[in-house]
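S.K.: Got a structure for you, questions after.
The values are calculated or read from the model by the stated rules, or taken from the named source; none is laboratory data. Since the model is a prediction, treat every value here as computed from it, not as a measurement. Positions of Cβ are generated from backbone atoms using ideal geometry, with glycine treated the same way; all protein chains shown enter the neighbour counts.
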Amino acid sequence: MQAYLDNSATTRCLERVTDKMVEVMRTDFGNPSSMHTKGVEAEKYIREAKTFFARNLKVQEKEIYFTSGGTESNNLALIGTAMANRRNGSHLITTCLEHASVSNPMKYLESQGFRVTYLPAGEDGVIRMEDLENALCDDTILVSVMYVNNETGAVQPVDEIGKLLKEQRRKIFFHVDAIQAYGKYRIFPKREGIDLLSASGHKIHGPKGSGLLYVDEKVKIQPILFGGEQQKGLRSGTENVPGIAGIAEAAAACYENLDEKVERLYTLKERFAEGIRKLPDAFINGRTGRETAPHIVNASFPGIRSEVLLHALEDKGIYVSAGSACSSNKPAPSHTLLCMGLEKERVESALRFSFCFDTTEEEIDYCLQELAELLPVLRRYVRR
């Protein structure tokens, strides 16, 4: 038996998504900027995708931009907005929990003269509103906070942040990395005070190399890529029409019967978390209740290094992550777990288990069964 429990790293493309993409690549393959019929046919997929996402997010079509994925969306949102508004201030705020596609652009902006405040988190992986409020100053122009943490599933108080920023005397733009949240939550940026929002296709059973960025029409932002002036000059480059059609098809599938699917995910998560708690010397990092995302559990197994247990599970056909998959080939302690104040042994023995709408109870139970058998064996081996 196999159990793929690494869905926060990437998901399998839905068949309806690959069918749509093949149709575009084989039949409607024109360049959407071309003026002839083939170009018009290709451009239709982009219009349809914009219409879907505008309705889904309750925003305007002209506020939707397509990118190569979450990393580009985050880079464009942060660098493009900071650079375009630096005359109004040079202070940025984010958290110590962010994905590298946010933390590294922030480091780059620091090298360009911006000042960045990194908010701490509690042991539950959630920032405190008073810390954000205290960090705001007359020089602040942008706040960036992830909706769902990619390692622990902690959910940040996005609504409260949006409300706080709206109450400020001067405009402070609010960017949300929703890459692990989109497809699991109904997100309405204008209602929640979000000015920029990033999402990625391959996290929602769509294709890799596809992403989107919502940019409120009032946001002053400048491009970070230069070329043929596609997408109103903000994101140059021939549009990836198969990818755009694919991400729209995947998102449409995710939001069909969403409540039922999310409820089932929470049931699976609770089953798995209960099983982890029954294992000797196993600890769940952060919370697992319904105030957290429905698809992520992070657990530590002190005495066994993450990569050792990861490969032992792999030998059993069980696939999980040690930390963020985007950085897991670079052995380093999880900055997220360190930010939460976990002790070194917990951090170095942590694994992330992440589910999708297709995950089964059998996969959950199989993983728990193998963990119960592997842990005592590996601990005996390590302690010799």
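S.K.: Only one of these conditions is not met by Gly286: (1) surrounded by fewer than 19 Cβ atoms within 10 Å (Cβ to Cβ); (2) under 18 Å from the mean Cα position of the chain (by Cα); (3) not hydrophobic (A, V, I, L, M, F, W, C). Which number is it?
M.R.: Checking Gly286 against (1) surrounded by fewer than 19 Cβ atoms within 10 Å (Cβ to Cβ); (2) under 18 Å from the mean Cα position of the chain (by Cα); (3) not hydrophobic (A, V, I, L, M, F, W, C), the one that fails is (1).
S.K.: Mind telling me which of the residues Lys269, Lys232 ends up being of a type outside the set (S, T, N, Q), closer than 18 Å to Pro294 by Cβ and assigned to a helix (DSSP H, G or I)?
M.R.: Testing whether each residue is of a type outside the set (S, T, N, Q), closer than 18 Å to Pro294 by Cβ and assigned to a helix (DSSP H, G or I) leaves just Lys269.
S.K.: Oh, and also: Identify, from the list Asn85, Asn74, Asn104, the residue that is in the same structural domain as Leu197 (by TED's automatic domain parsing) and either under 27 Å from Glu291 (Cα atoms) or buried (at least 23 other Cβ atoms within 10 Å of the Cβ) (or both).
M.R.: On inspection, the qualifying residue turns out to be Asn74.
S.K.: Which one is surrounded by the fewest Cβ atoms within 10 Å (Cβ to Cβ), of the residues in the stretch 110-127 that are in contact with a Lys or Arg (Cβ under 9 Å, 6 or more places away or on another chain), of a type in the set (A, V, I, L, M, F, W, C) and free of Cβ contacts under 8 Å to residues at least 60 places away in the same chain?
M.R.: Val116
S.K.: Residues Glu160, Glu151, Glu130: which one is buried (at least 17 other Cβ atoms within 10 Å of the Cβ) and acidic (Asp, Glu)?
M.R.: Exactly one of Glu160, Glu151, Glu130 is buried (at least 17 other Cβ atoms within 10 Å of the Cβ) and acidic (Asp, Glu), namely Glu151.
S.K.: So, in the stretch 136-152, exactly how many residues are in a loop (DSSP other than H, G, I, E, B) and under 19 Å from the mean Cα position of the chain (by Cα)?
M.R.: Looking only at that region, the number is 5.
S.K.: State whether the residues of the stretch 190-202 include one that is farther than 20 Å from Met106 by Cβ, modelled with pLDDT of 95 or more and crowded, with 24+ Cβ neighbours inside 10 Å.
M.R.: Looking through the stretch 190-202, at least one residue is farther than 20 Å from Met106 by Cβ, modelled with pLDDT of 95 or more and crowded, with 24+ Cβ neighbours inside 10 Å.
S.K.: Testing Glu263 on (1) of a type outside the set (Gly, Ala, Ser); (2) assigned to a loop (DSSP other than H, G, I, E, B); (3) surrounded by fewer than 19 Cβ atoms within 10 Å (Cβ to Cβ), one condition comes back false. Which one is that?
M.R.: (2)
S.K.: Right, Phe66: in contact with a helix residue (DSSP H, G or I) (Cβ under 6 Å, 6 or more places away or on another chain) and assigned to a helix (DSSP H, G or I) or not?
M.R.: No.
S.K.: To continue, here is another question. Check off (1) in contact with a helix residue (DSSP H, G or I) (Cβ under 8 Å, 6 or more places away or on another chain); (2) buried (at least 21 other Cβ atoms within 10 Å of the Cβ); (3) not in a helix (DSSP H, G or I) for Pro223 and give me the number that stays unchecked.
M.R.: Every listed condition holds for Pro223 apart from (2).
S.K.: List the number of the failed condition for Ile224; all other conditions in (1) in contact with a Phe, Trp or Tyr (Cβ under 9 Å, 6 or more places away or on another chain); (2) in contact (Cβ under 8 Å) with a residue 40 or more places away in the chain; (3) farther than 21 Å from Val22 by Cβ; (4) of a type in the set (A, V, I, L, M) hold.
M.R.: Among (1) in contact with a Phe, Trp or Tyr (Cβ under 9 Å, 6 or more places away or on another chain); (2) in contact (Cβ under 8 Å) with a residue 40 or more places away in the chain; (3) farther than 21 Å from Val22 by Cβ; (4) of a type in the set (A, V, I, L, M), the lone unmet condition for Ile224 is (1).
Results for (1) outside any loop (DSSP other than H, G, I, E, B); (2) of a type in the set (A, V, I, L, M); (3) over 18 Å from Tyr4 (Cβ atoms); (4) modelled with pLDDT of 95 or more, shown as yes or no for each residue.
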residue	(1), (2), (3), (4)
Glu291	no, no, yes, yes
Gly323	no, no, no, no
Phe357	no, no, no, yes
Ile364	yes, yes, no, yes
Cys367	yes, no, no, yes
Leu375	yes, yes, yes, yes
Val382	yes, yes, yes, no
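S.K.: Let me confirm something: among Leu225, Leu197, which residue is in the same structural domain as Ala135 (by TED's automatic domain parsing), among the aliphatic types (A, V, I, L, M) and touching a Ser or Thr at 6+ places or on another chain (Cβ under 7 Å)?
M.R.: On inspection, the qualifying residue turns out to be Leu225.
S.K.: So Glu98 passes all but one of these: (1) touching a helix residue (DSSP H, G or I) at 6+ places or on another chain (Cβ under 7 Å); (2) outside any helix (DSSP H, G or I). Which condition number does it fail?
M.R.: (1)
S.K.: I need the full set of residues from the stretch 159-188 which are outside any loop (DSSP other than H, G, I, E, B), touching a helix residue (DSSP H, G or I) at 6+ places or on another chain (Cβ under 6 Å) and more than 18 Å from Ser101 (Cβ to Cβ), in order please.
M.R.: Scanning the stretch 159-188 gives Asp159, Glu160, Gly162.
S.K.: Let me ask something additional. Given Thr81, Thr11, which one is of a type in the set (Val, Ile, Thr) and not in a helix (DSSP H, G or I)?
M.R.: Answer to the selection: Thr11.
S.K.: Let me ask something else about it. Considering only the stretch 31-80, state which residues are touching a Ser or Thr at 6+ places or on another chain (Cβ under 8 Å), among the small types (Gly, Ala, Ser) and over 23 Å from Leu258 (Cβ atoms).
M.R.: Across the stretch 31-80, the qualifying residues are Ser33, Gly39, Ala42, Ser68, Ala77.
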